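These notes concern the structure reproduced below.
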Amino acid sequence: MRRSAILKSKLFLYLTEFFAGMSVMAVELGASRLLAPYFSSSQIVWTIIIGTIMIAMALGNIYGGRSADKHPDPDRLYGRILIASVWIAAIPVLGKYIILGISAVLIFTVDSGFLIWAAFAACMVVFVFPLFLLGTVTPSLAKYSVDSLDDSGKTVGTLGAFNTIGSIIGTFVPTFVTIPSVGTSVTFLIFAGILLALSLLYFISAKTGWGKCGVSAAAFLLCCLLGASNSFAFWEEDLVYEGESVYNYLQVRENEKQIVLSTNVLFGVQSLLVKEEGLTGMYYDYAMAAPLMTKGGPKKESEILILGMGTGTYAVQCRKYFGGMNIEGVEIDGKITDLARRYFQLPEDVEVATYDGRAYLNAVDKTYDVIMVDAYQDITIPFQMSSVEFFTLVKDHLKEDGVMVVNMNMRGNQEGNINQYLADTIAGVFDEVYTVDVKGSTNRELFASNDSHMLSYFSGNQESIAEEELALLMREVEEELTAYEAGGYLMTDDQAPVELLGMQVIDELIQGEAAYYKRIYKESGIKGVLESL
């Protein structure tokens, strides 16, 4: 085995293990953020990422060990690290196109489990190969660093320690430093650059591999130029903000009529501001029935708590139509609150706590006239805010005539769908439960109270509504309210399969949207599909 001078002290081998472990974790976290805008950041997606990366690392371990025994040449290892660095650097440039291409193909070929198959295929194509190469590092370094059986345990243990410490740093730095401050794309480039520098240092010391070093460095620089300021939503032309926080990918877009916030899933709307006076045309309007269902209706002393504040659309609408009520919000992502003040006209006197909704309820003793639960976005439903225990906590924080309103954003048709689970769980806690479907969307609003007079309050309080547009909508809501008949689908802190239930509805929605294009594809092929877009 030929050794470069830089390997004689073993320190460089330990540093290689350290940076390899750090880069693996950084890529794993970067993978979650790269996939989130397209597939959400649910536990299902995380499971797929972790599973595919473990497959890649396991195969890399096997191959690395066999390769080191057969060809004990460090040039081979550092050549693989060089390739891995360039591949990782190319992810910000090509990754989004690959993900969208895979999704487009699978929409036409997969009838169920689209989210699983699309996320799995994307991970396999984009991330498995570079992590397979990094998986070869540990067994190769063990071969190069063990001189005798007398100190083999100590040497391998030291390698493991350096890998673990690197992995810890590779977990915390992207999450709390690089992704929130410079974004996912630059994070990939940073760690690719570290691996590149490590390999270049080896080859310079070994005085070999000049050609591959030059090509790799040039490719890395090209990726930096093309991918450093990349947009996930490259087809959008009206973005006024695109960025990332500790929790979310964030996108604000604006047109002549409205300003919209999307988080994680590019095609969804999480909050909006309508520029013209009037209703939003969305579920926020229906949810304004909740203050009218309390005794005496909305008044200056009314206390409203919004769990999942977003940019404050519901708060702004309530203030616009009902006047100066006391409104508090809870939003776990402080950056969203900053955007709410900057772009969405959230009043300064509306206090927003940067906290988890359930943890906030555990921390306060106050009771409210209305509690709105708006923390469910697509498949990303926090299980801790969907259980019997959570809704019991909400009930304990309501006044005697208080009303909880829940926005359920995925209306399913299958028996035992996510909305049925949520509604059954709520009905197990509250005596009065009513639902209404929001026209033109997949949303359903649920109103719950322990006051049996909530509907009579609603009917009587409508007389005080001054704006005709809102009055007409409230009469429509009253006519379409349906008393919910509880079934046996319950979710608890111990068992709340929200991701799998949400995925069922996602499959339904995709099948419905894709049916039109599938028919065109069968009749006219891909050319017909492209012409219909």
Query raised in the report: In what sequence do Y321, Y421, Y78 fall when counting other Cβ within 10 Å, fewest first?
Result: Y321, Y421, Y78
Query raised in the report: Can you put L307, L273, L11 in order, fewest other beta carbons within 10 Å first?
Result: L11, L273, L307
Report summary line: Taking 0.36 nm per residue of separation between L239 and E351 and subtracting their Cα-Cα distance, the length gained on full extension comes to 37.6 nm
Query - Pairs from K275/K300; K295/K399; K257/K299; K275/K299; K335/K439; K320/K366 whose Cα-Cα separation, in the structure shown, is over 19 Å - result: K275/K300; K257/K299; K275/K299; K335/K439; K320/K366
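Calculate, for R475 and A104, the FRET efficiency according to 1/(1 + (r/R0)^6) with r their C-beta to C-beta distance and R0 41 Å; round to the nearest 0.05.
Once the sixth-power term is evaluated, E becomes 0.40.
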Report summary line: Most exposed to least, judged by fewest other Cβ atoms within 10 Å, T337, T311 sort to T337, T311
Report task. Mind jotting down a quarter of the surface of the convex hull over the alpha carbons of the stretch 5-227, in square nanometres, one decimal? Result -> 12.7 nm²
Requested in this report: Name all residues of the stretch 48-89 having a backbone nitrogen under 11 Å from the label point set 7 Å from the Cα of T208 along its Cα→Cβ direction, giving them as ranges.
Outcome: 72-79
Report summary line: The simple spin-label model distance between T158 and A483, using points 7 Å out along Cα→Cβ, in nm, is 7.7 nm
Requested in this report: Can you give me the three principal axis dimensions of the stretch 277-495 from its C-alpha atoms, in Å, biggest first?
Outcome: 41, 39, 34
Query raised in the report: Which whole-number value in Å³ per residue fits the convex hull of the alpha carbons of the stretch 78-200?
Result: 134 Å³
Query raised in the report: With labels modelled as points extended 7 Å from the Cα through the Cβ direction, what inter-label distance (nm, one decimal) is found for M124 paired with Q43?
Result: 2.5 nm
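Read-outs throughout are calculated quantities, based only on the coordinates presented, and are distinct from any laboratory measurement. None of these values were measured; they are calculated from a predicted model. Neighbour counts are summed over all protein chains in view; Cβ atoms, including those assigned to glycine, are modelled from backbone coordinates with ideal geometry.
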